[in-house]
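Comments concern the structure below.
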Amino acid sequence: MLQKKLLLIVNPCSGRAKMHTELLKVIETLSSADFTVTVYPTKFKGDATEYVSKLSQNDYELIVVCGGDGTLNEVITGIMQTSLNIPLGYIPSGTLNEWSNGLKISRNIEIASKDITTGKQIELDIGKFGDKYFSYTASFGAFTSASYSAPQDIKNVLGQAAYFFEGVKSLANIKPIHLKFTHENGVTEGDFLFGAISNSLSVGGIVKYDKAAVELNDGIFEVLLIRNPDNILKLQPLI
């Protein structure tokens, strides 16, 4: 029986470096489902995008990402840039894994691996921002740099709290951004502290959307904008 070819892209540093001990289990699970598994560990930020963008349609029957939301988005970007029509599986092993929560993907690495071999395929909305793609959120303003500036070793120790402490450091630098945008009801203009276009049930682990109002494959993204308060008393509850 001819086995199907599977590319397993692993971020060995994501989360609390779980994959150092879990990788063999993942490979065994995927191999038992008649896949020939090729493992590619990422080496630097953006590496997954570069690697995937060099693939051709016939190289693999399935791509699986084992990492956090950032690694997943790098792979999605590579797929979209080259218009690959290859199914994508996700084994979340990052710090937050917010996007996977909305997809009801297990946080248990072994269970998520098995689900890839038995689950059903679904279509999901992907956004484009300039020449980049995003699956989870595109945001600006207060605290948005925390996910990029929080050191990986600190995230491995503190988990989500690392983002909180990184955000606290930026409190003094919060400045409003002037924004003007058009929508079906007209034009809105003003000063905003934060803005996000997302395809998720939550943003940053803090902002929670009504589950009944969010669909990840309805062709519509959610938009959240927080205006700059007109007095100091309104600032504290916003933060």
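The values are calculated or read from the model by the stated rules, or taken from the named source; none is laboratory data. Because the structure is predicted, anything quoted here is derived from the model rather than measured. Please note: Cβ atoms are built from the backbone with ideal geometry, for glycine as well, and neighbour counts cover all protein chains shown. The protein model used for the area step is the full one, side chains on, heavy atoms only, and it has no ligands, DNA or RNA in it. Shrake-Rupley method; radii C 1.70, N 1.55, O 1.52, S 1.80 Å.
How much FRET efficiency would the formula 1/(1 + (r/R0)^6) give for LYS208 and VAL39, where r is the Cβ-Cβ distance and R0 is 30 Å, rounded to 0.05? Kindly include the intermediate steps, with their values, before the conclusion.
Working: r = 36 Å, r/R0 = 1.18.
Computed FRET efficiency for LYS208 and VAL39: 0.25.
Quick check on packing: order 127-134, 35-42, 18-25 by the mean number of other C-beta atoms within 10 Å, highest mean leading.
Working: 127-134: 12.5, 35-42: 16.9, 18-25: 14.6.
Per-residue mean Cβ counts within 10 Å order the peptides as 35-42, 18-25, 127-134.
Figure the gain on full extension for ILE111 and ASN85 (residue separation times 0.36 nm, minus the Cα-Cα span) and round it to one decimal in nm.
Working: separation 26, 0.36 × 26 = 9.36 nm, distance 2.54 nm.
Gain on extension, ILE111 to ASN85, equals 6.8 nm.
State which entries of LYS18/LYS43; LYS132/LYS180; LYS25/LYS104 exceed 18 angstrom in Cα-Cα distance in the structure shown. Walk me through the numbers on the way to the answer.
Numbers: LYS18/LYS43 16 Å; LYS132/LYS180 22 Å; LYS25/LYS104 21 Å.
Those over the limit are LYS132/LYS180; LYS25/LYS104.
GluC sites (Glu not before Pro) within the stretch 52-133: which are DSSP loop residues with at most 13 other Cβ atoms inside 10 Å? Display every interim value, and only then the final one.
Numbers: sites: GLU61, GLU74, GLU98, GLU110, GLU123; in loops: GLU61, GLU123.
Those that pass, being in a loop and sparsely packed, are GLU123.
Over all pairs of distinct alpha carbons, what does the Kirkwood formula give as the hydrodynamic radius of the stretch 24-76, in Å?
Details: mean 1/r = 0.0822 Å⁻¹.
In the stretch 24-76 this quantity evaluates to 12.2 Å.
Beyond 24 Å, how much of the Cα-Cα pair distribution for the stretch 4-129 remains, as a whole percent?
Values: 1476 of 7875 pairs.
For the stretch 4-129, the share of Cα pairs beyond 24 Å comes to 19 percent.
Keeping the other protein chains in place, figure out the carbon and sulfur percent of the accessible area of the stretch 1-106, with a 1.4 Å probe.
Working: 2650 of 4920 Å².
About 54 percent, which is the carbon plus sulfur part of the accessible surface.
With a/c under 1.5 counting as rounded, go ahead and sort the stretch 1-53 into rounded, prolate or oblate using the C-alpha gyration tensor (a ≥ b ≥ c being the square roots of the eigenvalues; past the cut-off, prolate if a/b is larger than b/c, else oblate).
Numbers: a/c = 4.26, a/b = 1.37, b/c = 3.11.
Because a/c hits 1.5 or more and a/b fails to exceed b/c, the stretch 1-53 counts as oblate.
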